[in-house]
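Engineer: Before I ask anything, let me first share the structure, which is written out below as structure tokens.
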Amino acid sequence: MAQQEDVFKKIVAHCKEYGFVFPSSEIYDGLGAVYDYGQNGVELKNNIKRYWWDAMVKLNENIVGIDSAIFMHPTIWKASGHVDAFNDPLIDNKDSKKRYRADVLIEEQIAKYDDKIAKEVAKAAKKFGDSFDKEKFLATSVHCQEHQAKRDALHARYAKAMNDNDLNELRQIIIDEEIVCPISGTKNWTDVRQFNLMFSTEMGSTAEGSMKIFLRPETAQGIFVNFLNVQKTGRMKIPFGIAQIGKAFRNEIVARQFIFRMREFEQMEMQFFVRPGEELKWFEHWKKVRLNWHKALGMGDENYRYHDHDKLAHYANAATDIEFRMPFGFKEVEGIHSRTNFDLSQHQKYSGKKIQYFDPELNENYVPYVIETSIGVDRMFLSILCGAYTEEVVGDNDTRVVLKLPAVLSPVKAAIMPLVKKDGLPEKAREIINDLKFDFNVQYDEKDSIGKRYRRQDAIGTPFCITVDHQTLEDGTVTIRERDTMEQERVPASELRSIIGKKTSFTELFKKLS
Ligand code: ATP
């Protein structure tokens, strides 16, 4: 575990050193849980957004996009339930004065029981070797059964407390489980309180005339309130979806995991409108489609899993997360929710406007049901970086840090390097760049030895390094080096577009999805 935390620290440092992510307002000592994307980060982020947007809007003829404003009428948040119920249960440790989410403390405790079971299994597997039968072991090991029973009891008690919104019981669980503050090591806890996560500000100039406005905590509501606009102007027929990418804001209580939990972040959300009664079928459909979207990037199928929700949000009748194996454990990257017709019905009620769909096949009006897929751009970014970060031993006593990013997402697709800074090689390299730059994000690099230049590109995940040498001037060939294998090949410069294109093409990736 400590080793994994070390890796995470290195990833955070790497992000800063190589222009991916900077703490916001750094020269003023930063601002809690707010981050800026640097020159490489913004490229990676844009590529992630493109992958999502095109997979939704370009590949599905019944999904269209919108871009709604961050500011919305405040009644929207009353209708959606966010004013009354968008809360996290918080608890303070009186000795360290540190604040925690009570639900997160308990979930971590549940994960500890899982870890204990996993350790028993690993120990036995080592002892019994090839003859080890995991199922049999789990069914017969007294230790495992004890851990499992404790885990299940805790889980049931926690789920009930969350569903009943019972804050005293949450505190009691923390006490009974003897959960201690990781900073002070004590069990000296305050009561559990609810904390609303929405930021607010004033709109309008005078004190009397101003209105309290919320910064949206999700982009979804901008889609719901535009349902009729899009359906009518686009002549959309159910089932259909509306997609949106945009900023969201949450005043998170605990924000200590880099860009995993931010106060300002970006979401990619798609609301899919369906006939009442068909929502669970579509829920299953989108669960599969979204997992495939993740897996198609080739970061390793074993690094993803579903996690079904114990506590359903006030609006949902089914919900699952897609989790990715981060250095600090499997964590949610995307949520898929069956939101019933809650949101549209609420907006109908609060606005007094009829928000319904006339289904020509059924010859009836209804408020559509909704399946939502909701993924954080920043969390996706973090999962990709964590999956890609690799430290490798090369040669006898050399190491390299390489970001094995899916080439299609890499910030820079190729670096063009003249072997030396003379003899017309820089000019030749510029010529190649001028030819490639219309299709790819390419970089020119002439400083330091070739070896150092390769390492710099490895560190930002550039799939190809292209070296221009004296032979290039004679026969028009260059050396192309592939990032992961480090193999080099001599090819005609005229073939570069096709070689780079093949490896970094969105089209090839999209074909895997259909
Ligand atoms: P969590 O349980 O981690 O607080 P959530 O279940 O509240 O997340 P949703 O409301 O389902 O999250 O939001 C959908 C997606 O938005 C999440 O899967 C995540 O990728 C992203 N997201 C949510 N909150 C944050 C945040 N504070 N910082 C970065 N991304 C976030």
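The values are calculated or read from the model by the stated rules, or taken from the named source; none is laboratory data. Note that the structure is predicted; figures quoted are calculated from it, not measured. Glycine gets a Cβ as well: all are built from the backbone with ideal geometry, and neighbour counts include every protein chain shown. All accessible areas refer to the heavy atoms of the entire protein, side chains included, with ligands and DNA or RNA removed. Shrake-Rupley method; radii C 1.70, N 1.55, O 1.52, S 1.80 Å.
Engineer: Residue under question is Phe224, and the condition is that it be of a type outside the set (Val, Ile, Thr), in contact with a His (Cβ under 8 Å, 6 or more places away or on another chain) and modelled with pLDDT of 95 or more; does it hold?
Structural biologist: So Phe224 fits the description; yes.
Engineer: So, of the residues in segment 495-514 that are touching a helix residue (DSSP H, G or I) at 6+ places or on another chain (Cβ under 9 Å) and under 26 Å from Lys422 (Cα atoms), which turns out to be most open to solvent (accessible area, probe 1.4 Å)?
Structural biologist: Arg497
Engineer: Restricting to segment 55-70, count the residues that are part of a helix (DSSP H, G or I) and surrounded by 16 or more Cβ atoms within 10 Å (Cβ to Cβ). Talk me through it step by step, then tell me what you get.
Structural biologist: Filtering segment 55-70 down to residues part of a helix (DSSP H, G or I) leaves 55-58.
So of that shortlist, the ones also surrounded by 16 or more Cβ atoms within 10 Å (Cβ to Cβ) come out as 55-57.
Here the count works out to 3.
Engineer: As an exercise: evaluate Phe342 against (1) of a type outside the set (Val, Ile, Thr); (2) open to solvent by 30 Å² or more (accessible area, probe 1.4 Å); (3) within 16 Å of the ligand (Cβ to nearest atom); (4) more than 21 Å from Val230 (Cβ to Cβ) and give the number of the one condition it does not meet.
Structural biologist: Only one criterion in (1) of a type outside the set (Val, Ile, Thr); (2) open to solvent by 30 Å² or more (accessible area, probe 1.4 Å); (3) within 16 Å of the ligand (Cβ to nearest atom); (4) more than 21 Å from Val230 (Cβ to Cβ) is unmet by Phe342, namely (4).
Engineer: Quick one: count up the residues across segment 257-271 that are among the charged types (D, E, K, R) and surrounded by fewer than 18 Cβ atoms within 10 Å (Cβ to Cβ). Let's see the steps before the verdict.
Structural biologist: Of all residues in segment 257-271, those among the charged types (D, E, K, R) come to 261, 263-264, 266, 269.
Okay, now just the ones that are also surrounded by fewer than 18 Cβ atoms within 10 Å (Cβ to Cβ), so 264.
Number satisfying all stated conditions: 1.
Engineer: I've got another one for you. So which of Lys187, Lys237 ends up being under 30 Å from Glu361 (Cα atoms) and either more than 16 Å from the ligand (Cβ to nearest atom) or assigned to a loop (DSSP other than H, G, I, E, B) (or both)? Steps first, answer last, please.
Structural biologist: Details: Lys187 fails: under 30 Å from Glu361 (Cα atoms).
From the options Lys187, Lys237, the qualifying one is Lys237.
Engineer: Pick from Glu364, Glu427, Glu372: which is within 30 Å of Arg275 (Cβ to Cβ) and without any contact (Cβ under 8 Å) to a residue 24 or more places away in the chain? Give the steps one after another, and end with the answer.
Structural biologist: Numbers: Glu427 fails: within 30 Å of Arg275 (Cβ to Cβ); Glu372 fails: without any contact (Cβ under 8 Å) to a residue 24 or more places away in the chain.
Step by step, each of Glu364, Glu427, Glu372 is checked, and only Glu364 is within 30 Å of Arg275 (Cβ to Cβ) and without any contact (Cβ under 8 Å) to a residue 24 or more places away in the chain.
Engineer: Follow-up. When you go through (1) open to solvent by less than 20 Å² (accessible area, probe 1.4 Å); (2) assigned to a loop (DSSP other than H, G, I, E, B) one by one for Tyr315, which number turns out not to apply?
Structural biologist: (1)
Engineer: Let me ask something else about it. Inspect all residues belonging to segment 318-332 and state whether any of them is open to solvent by 40 Å² or more (accessible area, probe 1.4 Å), free of Cβ contacts under 8 Å to residues at least 40 places away in the same chain and of a type in the set (Gly, Ala, Ser).
Structural biologist: no
Engineer: A follow-up question, please. For Lys212, which of the numbered conditions (1) more than 10 Å from the ligand (Cβ to nearest atom); (2) out of contact with any strand residue (DSSP E or B) (no Cβ under 9 Å at 6 or more places or on another chain); (3) modelled with pLDDT under 95 fails to hold?
Structural biologist: Here Lys212 clears every test but (2).
Residues checked against (1) open to solvent by 20 Å² or more (accessible area, probe 1.4 Å); (2) touching a residue at least 24 places away in the same chain (Cβ under 8 Å):
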{"position": "Gly204", "(1), (2)": "yes, no"}
{"position": "Ser210", "(1), (2)": "yes, no"}
{"position": "Thr219", "(1), (2)": "no, yes"}
{"position": "Ile223", "(1), (2)": "no, yes"}
{"position": "Lys232", "(1), (2)": "yes, no"}
{"position": "Ile253", "(1), (2)": "yes, yes"}
{"position": "Phe273", "(1), (2)": "no, yes"}
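Engineer: Now a separate question. Of the conditions (1) within 22 Å of Asp310 (Cα to Cα); (2) within 16 Å of the ligand (Cβ to nearest atom), Ile179 fails just one. Which one is it?
Structural biologist: Among (1) within 22 Å of Asp310 (Cα to Cα); (2) within 16 Å of the ligand (Cβ to nearest atom), Ile179 violates only (2).
Engineer: Scan segment 262-289 residue by residue and report those that are over 30 Å from Gly30 (Cβ atoms), within 16 Å of the ligand (Cβ to nearest atom) and part of a strand (DSSP E or B).
Structural biologist: Met270, Gln271, Phe272
Engineer: Got a sec? Which of Ile76, Ile66 is in the same structural domain as Gly352 (by TED's automatic domain parsing) and either among the acidic types (Asp, Glu) or in contact (Cβ under 8 Å) with a residue 40 or more places away in the chain (or both)? Spell out the reasoning first.
Structural biologist: Working: Ile76 fails: in the same structural domain as Gly352 (by TED's automatic domain parsing).
That would be Ile66, the only listed residue that is in the same structural domain as Gly352 (by TED's automatic domain parsing) and either among the acidic types (Asp, Glu) or in contact (Cβ under 8 Å) with a residue 40 or more places away in the chain (or both).
Engineer: For segment 167-185, give me the residue count where each residue is open to solvent by 40 Å² or more (accessible area, probe 1.4 Å), within 29 Å of the chain's Cα centre (by Cα) and in contact (Cβ under 8 Å) with a residue 12 or more places away in the chain.
Structural biologist: Total meeting the criteria: 1.
Engineer: Hey, another quick one. Failed condition for His73, given (1) surrounded by fewer than 17 Cβ atoms within 10 Å (Cβ to Cβ); (2) in a helix (DSSP H, G or I), with all others met?
Structural biologist: Condition (2) is where His73 drops out.
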